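This report refers to the structure that appears directly beneath it.
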Amino acid sequence: MIIELGHFALILAFVLALVQCVVPVWGAVSGDRRLMAVAPPVAGMQFLLVGIAFAALSHAYVTSDFSVLNVVENSHSAKPDLYKITGVWGNHEGSLLLWVLILALFGALVAAFGRNIPADLRAATLGVQGWVTAAFLLFMLATSNPFLRVSPAPMEGNDLNPILQDVGLAIHPPLLYIGYVGFSIVFSFAIAALLLGRVDAAWARWVRPWTLLAWMFLTLGIAMGSYWAYYELGWGGYWFWDPVENASFMPWLAGTALLHSAIVMEKRGALKVWTVLLAILTFSLSLLGTFLVRSGVLTSVHAFATDPLRGTFILGILVAFIGGSLALYAWRAPLLKQGGLFAPVSREGALVLNNLLLTVAAVSVLVGTLYPLALEALTDEKISVGPPFFNLTFGPLMVPLLIAMPFGPLLAWKRGDLAAVSQRLYAVLGLALAATLVTAWAQGTEKILAALGVGLAAWVICGAVAEILSRARFRDVGLSTGLSRLYGLPGSAWGTALGHAGIGITLLGIVAVSAFEEEKVLTIRPGESVEIGDYRLAFGGLARRTGPNYIDDVGHFDIYRGGAKVAEADPAKRLYTARRMPTTEAGIVTFGLSQIYVSIGEVHADGGADIRLYHKPLVTLIWLGCLVMGGGAVVSLFDRRLRVGAPKPARRQLAAAE
Amino acid sequence: MWIAFSLLTVLAALAVLVPLARSGRAQARAGSAHDAEVYKAQLDEVGRDLDRGLISQEAAVAARTEIARRLIAADQAATRDATGEPGDAGRLRLRVVQMLAVVVVPLAAIGAYLAFGAPDIPDQPLVARLQASTQDRSLPELVARVEQHLAKDPEDGRGWDVLAPVYMRLGRPEDAAAAYAAAIRLLGPDVNRETDRGEALVVANNGIVSAEAHAAFERAVKLDPEAVKPRFFLALALTQENRREAAIAAWQDLLKDARGGEAWAEAVRIELAKLGVETAPAGEPVAGPSREDVKAAEGMAADERGAMIRSMVDGLDARLAADGGSTAEWLQLMRALAVLGDTDRLRQVIARAGEALKDDPAALAQVKSLARELGEGS
């Protein structure tokens, strides 16, 4: 009964979504307040219904109810309880349900916290959100219904794909989906603005926090996915420029651009039309990612669904939403008022540069992702666009962006003084040069590119620190007042500094790992040992261990440094019995910011094993940087002030500086 | 259950109806009027920031000027927008939406549910199913119970001994072999267990007698030199190893024990014929069964064999359809269907194998070449 109740709730949610599609938008366009008022309670009810459906499916998973086809296909009674729950979204149908749940959650959040939004904007926004929800619910009910039953029910399920049986599944998809779907609300705001024909002050005020929220979750979701691939796949790589990774990275790039253009719009009323377009593009890229992952166009661990009908359906949704919204944009955007003029050298100008570079970078990733797919579809020729392409296109776009990064926050609104800002960055430049020289000296001149990379990272990090220090004005007001000023700085300032510093930290990690990593692939026998970096690993042999639904061959390594034992690592080769699928469980030991990474390949009859061994200097910075970025977003989100970016009168600023 | 359904439906309808009834009078304010409010709030905020020392006096003045500029623009727009709202069109809209909530929403939801849902299938959590009484239960359910019991107490040799032949019948020879091995370890070896374990290994290995299976049969023969079944498989192993002379000797040795009428004796004669040795049909035993009886027995054995193969084929087919499988399994299914002479189904399976293995060129080539061998190549 619980399952059927979930099924009914899902259908009811779809019908209600149809109401949400029509009534509020009708009200907004015709100025009827009663119809507009329907939007918030319906959005709330929608969330409740999808929530019931989700809870019902989760219940079926937890109790191993094999009368549900989806549970049979993706669960197993011997699976640990955690993976019974995470298995709910470890498959196509269930993950789609999670996706719609988050969609409905965002609708409900706007309904609950959007009392300050003009009623017509709120109604139209929720209406557009209803379109998206209705489309995905229809997709789910028509092609991917998680509540289909089997009778008589089998006694055992097929188990979850072993690669997904990991804590990562509990964290990565929900974070990523909140990110993806969070952009839907920004998209809905943009379409609502186009429908109503105006981008008003409240619009500007509301878009930024929602973008920030979605961006934060997307950042953390991507970082988590990257770390998961790093420890689960056993090759020690953290980013593969795999089409599925790109599918999440493109909305991130566009979303980052959107975040910055929203700042300009909120503070200065400029770039309205562009921001609307970016909002549309960002969510379009999220949809494109969904299409790539679920249409069967790609083969990967993410490619749940390979049913052609599903692919066609998603393509239909994609074309309708992207095509429709861009057409609406072309038609209505000229109605929107442009505002706020500014000089090329100004905070706005810097943000425009940021937007240009990020958008072009997103396009380059898009080309690299779609070109091989298009070529294969048209000519049947398989090519692979790997890291070389992205290093050549994406890399050079990022360098000017990172160089310009410390300048942006220091420039004044409307008209800035580049020379004055440069003066304030002398110290930062000095530090960056020092970092470059020290690296070059320590690592030798043949790694000069790496040294320059370290310098760039130092430039970005020190630039962020310098910006926050200069806002405190220690030199003018003395230490104690400076500290209290530092404490009193608005969250948005800290957010900027943390976000920018996070990028620098991640960059430092990437450079260090790419340039200074050591790798060894060898066969090792019990009693032998191998040296890497400053460490020596002694292999103690393999032991067999039985888990709840798998068999492990666990290798034991004692790690020594300078003769003293400092750690142990237990990498394993695991066989999941239900699917007869092997996985690798890498042994990872963290020393400070660096890691030793061992994974086991073939196991030999004599007790030896083929292993891959890495020493990865500063590798954790890659993900720590992402956490810092996420922290920046949190701090910035808590800054609930209304903002206005007023140009500072040039004369007075000079006087203050003296 | 229907109470819960109705409750949800009523809630959904109320979510539409209540706001319609409540905010009937208030009219929408123009967006620009709302803008003015935001700007006023911004002015207050600048004042607060100034008090807290977050911005300087100059910056505050500049910000106020900027906001004031926008506020004036918004005020002008608000004056332009301030127009009345007609009431009659509104009443029509209201009726339409009320109808939608009261009639269309419940009917559409319940209609769609009756079309797609399965209201008559109850929840079936695994624990409850396993605890239910053992009457009218399917074999797989019983197996699952025994499996759960053995997962808790893997040292129960009797359990393994009971489970092993059931596994064989369910077409799970690998599990059967493992279960026999456990039974042998816990209860000690005997002829039947060793032989059946070997047989399970052979079935699991597509009919090839592996070294492991060979060893099992040898142990069985050692326990009972007269036993027919292990000797049969040992002879088969010799045939498979192409040791013609030894194989012929083994088969003939086996045939000596035939009393006439046994299904296995017929199989032995077929094997010998394959090796080019003609054997006289079993001499008419004095008090043996009639020719008709023998025929009937053979016929029955063939039927039984056919039925067994068919059930195994169905099992394998369903498994491959549900979650795919190795190339070897697909090839096994194709061979089995060819043996059964089910060409239509064979063609379908070839197509499905092609689809399932499309990413593996080597496997595809194997499927194609076997299809050609079976006369279904194109």
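The values are calculated or read from the model by the stated rules, or taken from the named source; none is laboratory data. Since we're looking at a predicted model, the values are computed, not measured. Note that we place each Cβ from the backbone using ideal geometry, even for glycine, and neighbour counts take in every protein chain shown. Accessible surface is based on the protein model in full, side chains and every heavy atom, while ligands, DNA and RNA are left aside. Shrake-Rupley method; radii C 1.70, N 1.55, O 1.52, S 1.80 Å.
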For the residue pair B:M1 and A:S151, what label-to-label distance in nm results when each label sits 7 Å from Cα along the Cα-to-beta-carbon direction? 0.8
Taking the alpha-carbon centre of each part, the distance from the range B:224-254 to the range B:334-365 in Å is 33
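In nm, what is the difference between 0.36 nm times the number of residues separating B:E37 and B:R91 and their Cα-Cα distance?
Full extension from B:E37 to B:R91 adds 16.4 nm.
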Two-site label geometry, B:V103 and A:V167: point separation in nm, points 7 Å out along Cα→Cβ: 5.7
Roughly how large is the A-B contact in terms of buried accessible area, totalled over both chains, probe 1.4 Å, nearest 100 Å²? 5600
Where in the range B:170-202 does the amide nitrogen come within less than 13 Å of the point 7 Å from the Cα of B:V162, taken along Cα to Cβ? none
Shape verdict for the range A:398-549, please, from the Cα gyration tensor: rounded (a/c under 1.5), prolate (a/b greater than b/c) or oblate. prolate
So, over other residues within a Cβ distance under 13 Å of A:L469, counting Lys, Arg +1 and Asp, Glu -1, the net charge is +3
Dipole of the protein assembly as shown, Cα-centred, from +1 at each Lys and Arg C-beta and -1 at each Asp and Glu C-beta, to the nearest 20 debye? 5440
To the nearest 0.05, the calculated FRET efficiency linking A:A442 and A:L593 through their beta-carbon distance, R0 being 22 Å, is 0.85
Quick check on my link table: of A:K84/A:K573; A:K447/A:K616; A:K520/A:K573; A:K447/A:K565, which ones sit more than 25 Å apart, alpha carbon to alpha carbon? A:K447/A:K565
Where the centroid of each part is defined by its Cα atoms, how far is the range A:126-201 from the range A:67-86 in Å? 20
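Using the Cα gyration tensor of the range B:141-188, with a ≥ b ≥ c the square roots of its eigenvalues, what is the shape: rounded (a/c below 1.5), prolate (a/b larger than b/c) or oblate (neither)?
Here the range B:141-188 falls in the oblate category.
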Any GluC sites (Glu not before Pro) in the range B:94-163 that lie in a DSSP loop and have at most 15 other Cβ atoms within 10 Å would be B:E155
Within a 10 angstrom radius of each residue's Cβ in A:73-80, how many Cβ atoms of other chains show up on average? Whole number is fine. 2
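Restricting to DSSP loop positions (anything but H, G, I, E, B) with no more than 13 other Cβ atoms inside 10 Å of their own Cβ, which GluC sites (Glu not before Pro) remain in the range B:161-253?
B:E226, B:E241
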Shape verdict for the range A:376-471, please, from the Cα gyration tensor: rounded (a/c under 1.5), prolate (a/b greater than b/c) or oblate. oblate
Based on DSSP H assignment, which helices of chain A show an axial Cα extent of at least 30 Å together with a mean Kyte-Doolittle hydropathy greater than or equal to 0.0? A:2-30, A:33-62, A:92-113, A:119-143, A:168-196, A:201-232, A:243-268, A:272-294, A:347-379, A:448-472, A:491-516
How about A:K414: which lysines have a C-alpha closer than 23 Å to its C-alpha, ignoring those fewer than 8 places off in the same chain? A:K267, A:K272, A:K337, A:K648, B:K40
Fully extended contour minus Cα-Cα distance, from A:D476 to A:L392, at 0.36 nm per residue: 25.7 nm
If I model a spin label at B:V10 and B:A211 as a point 7 Å from the Cα along the Cα→Cβ vector, what separation in nanometres do I get? 7.4
Full-extension gain between B:E58 and B:A249, please, as 0.36 nm times their residue separation minus the C-alpha to C-alpha distance. 57.6 nm
